[in-house]
Amino acid sequence: QVQLVESGGGLVQPGGSLRLSCAASGSIFSRYAMGWYRQAPGKQRELVATSTPLGGSTDYVDSVKGRFTVSRDNAKHTVYLQMNSLKPEDTAVYFCNARILPGTWSRELGYWGQGTQVTVSS
């Protein structure tokens, strides 16, 4: 059983930055690949960024490349999503996900947090 709690969301102006955190409990954090998803109103949930268990490999959806960075601190059982140069289209609820199965990011597997709202608006 894995419990995930996201935090760090809020209201920011376009061009601003936010750092999301996802704290994990109930598992050995370093065994899980971590992903960040987001869901905007009226849209499907979208995979934004991923990190392998030791953080050695990350991947990003094209729309956030160069702006978002995923990192993890296994000692703190926390994964982060640094979001810079935010755009209104980044507005969504952001979820973290933990999973043990590799190569399954197109499927909604693993454990999910409750989500944190990010709103980018002037």
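The values are calculated or read from the model by the stated rules, or taken from the named source; none is laboratory data. Note that the coordinates shown come from a computational prediction; the quantities given were computed from them, not determined experimentally. Glycine also receives a Cβ, built like all others from the backbone with ideal geometry; neighbour counts cover every protein chain displayed. All accessible areas refer to the heavy atoms of the entire protein, side chains included, with ligands and DNA or RNA removed. Shrake-Rupley method; radii C 1.70, N 1.55, O 1.52, S 1.80 Å.
Yes or no, residue by residue, for (1) among the polar types (S, T, N, Q); (2) within 15 Å of the chain's Cα centre (by Cα); (3) modelled with pLDDT under 95:
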| position | (1), (2), (3) |
| --- | --- |
| SER25 | yes, no, yes |
| SER30 | yes, no, yes |
| LEU86 | no, yes, no |
| PRO102 | no, no, yes |
| GLY110 | no, yes, yes |
| THR116 | yes, yes, no |
| SER121 | yes, no, no |
Here is a check on your reading of the model: is ASN97 in contact with a Gly (Cβ under 7 Å, 6 or more places away or on another chain) and either farther than 21 Å from SER30 by Cβ or open to solvent by less than 60 Å² (accessible area, probe 1.4 Å) (or both)? yes
Residue count, segment 92-106, condition in a loop (DSSP other than H, G, I, E, B) and out of contact with any Lys or Arg (no Cβ under 9 Å at 6 or more places or on another chain), comes to 4
Counting only residues that are of a type in the set (Phe, Trp, Tyr) and in contact (Cβ under 8 Å) with a residue 40 or more places away in the chain, how many does segment 56-92 have? 1
Starting from residues that are in contact with a Ser or Thr (Cβ under 9 Å, 6 or more places away or on another chain) and either assigned to a strand (DSSP E or B) or without any contact (Cβ under 8 Å) to a residue 60 or more places away in the chain (or both), keep the ones in segment 107-122 and report whichever is surrounded by the fewest Cβ atoms within 10 Å (Cβ to Cβ). GLN117
